[in-house]
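Structure first, commentary second.
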Amino acid sequence: QGSLDWLIAELTLHHLDLALTDQPGATSRGGTLRSEFLGESPVAIFGTRDLIDRYGADLPHSLAGAPFLLPEPRSAMRRLLEEWFVEVGIQPTVSAEFIDSGMLKLFGEDGLGFFAAPAVVSDHVRHTHRVEHLMTLEGRGERFYALIRPELSGSGAVEALLTAAESLLGRRETDGTAPVPGSKSTA
């Protein structure tokens with residue numbers, strides 16, 4: 001887990017073979033990384049039963065002033081949430097910001113605020129962190145990409161991971177290119 005720049009550097013230095021990220025890749029120093037769009041998941045909001053009882057009555061307006069745990073400002077998820085807050089006209093209370101999504105969920109489990117996660121892992125989040133699903137954001141989806149060192153394209157391990165991602169997310173493009181965010185693409 002780290003910033004996109006750090007992941008690209010680690011791939012370039014051969015410290016990583018593949019990175020899963022929420023942003024398409026970029027050119028590395030030694031060449032172009034293969035960036036493969038894996039799919040998209042709607043964004044879901046989670047919280048403890050106590051938070052849902054306090055703020056869940058008139059969604060989304062009842063979330064104005066509600067405590068939220070947010071990912072770091074440079075993340076795609078953060079941008080999605082901030083756009084949604086503006087769109088629905090609410091201003092939550094930011095309780096904390098996190099680089100580590102696992103730590104964010106642990107604080108959410110302790111009832112320190114609502115948090116977002118991809119809906120595709122909703123069951124896992126609910127059972128692991130003992131929280132409940134509050135709502136799924138309309139028209140908001142987190143996109144997932146695999147950044148792969150070119151020499152590893154087609155390897156058995158990489159293909160197995162990509163196939164598993166396709167099974168989870170439901171779509172995968174196989175031409176090695178990432179679509180422009182916001183554009184329509186077909187599988």
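The values are calculated or read from the model by the stated rules, or taken from the named source; none is laboratory data. Since the structure is predicted, the reported quantities are computational estimates derived from the model, not experimental observations. Here Cβ is always computed from backbone atoms with ideal geometry, including for glycine, and neighbour counts include all displayed protein chains. Surface areas here come from the heavy atoms of the whole protein model, side chains and all, with no ligands, DNA or RNA. Shrake-Rupley method; radii C 1.70, N 1.55, O 1.52, S 1.80 Å.
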For the chain, modelled as a GNM with alpha-carbon contacts under 10 angstrom, which of A146, A116, A64 fluctuates the most? A64
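Probe radius 1.4 Å, ligands and nucleic acids ignored: give me the carbon and sulfur share of the accessible area of segment 13-109 as a rounded percent.
After summing per-atom areas, the C and S share lands at 53 percent.
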Longest span of the chain, sites excluded, free of trypsin sites (Lys or Arg not before Pro) in DSSP loop with at most 11 other C-beta atoms within 10 Å? 30-183
Accessible area per residue in Å² at 1.4 Å probe, computed on the chain: 52
Summed side-chain charge close to M77 - residues other than M77 whose Cβ falls under 15 Å, Lys, Arg +1, Asp, Glu -1: -2
Connecting every pair of Cα atoms under 10 Å apart in the chain and solving the GNM, the largest mean-square fluctuation among L70, L161, L80 falls on L161
Return the single residue from S101, S167, S41 with maximal mean-square fluctuation; model: Gaussian network over the chain, springs between Cα atoms under 10 Å. S167
Just from its helices, what would the mean residue ellipticity at 222 nm be for the chain, if runs of 4 or more DSSP H residues each count -39500 (n - 2.57) and the sum is divided by every residue, rounded to the nearest 500 deg cm²/dmol? -9500 deg cm²/dmol
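Work out the FRET efficiency for T163 and L13 from their Cβ-Cβ distance, taking R0 = 35 Å, and round it to the nearest 0.05.
0.85
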If the convex hull of the alpha-carbon atoms of the chain is projected onto planes in all directions, what is the mean projected area in square nanometres? 10.8
Using Cα pairs under 8 angstrom and six or more residues apart, how large is the relative contact order of the chain, in percent? 36
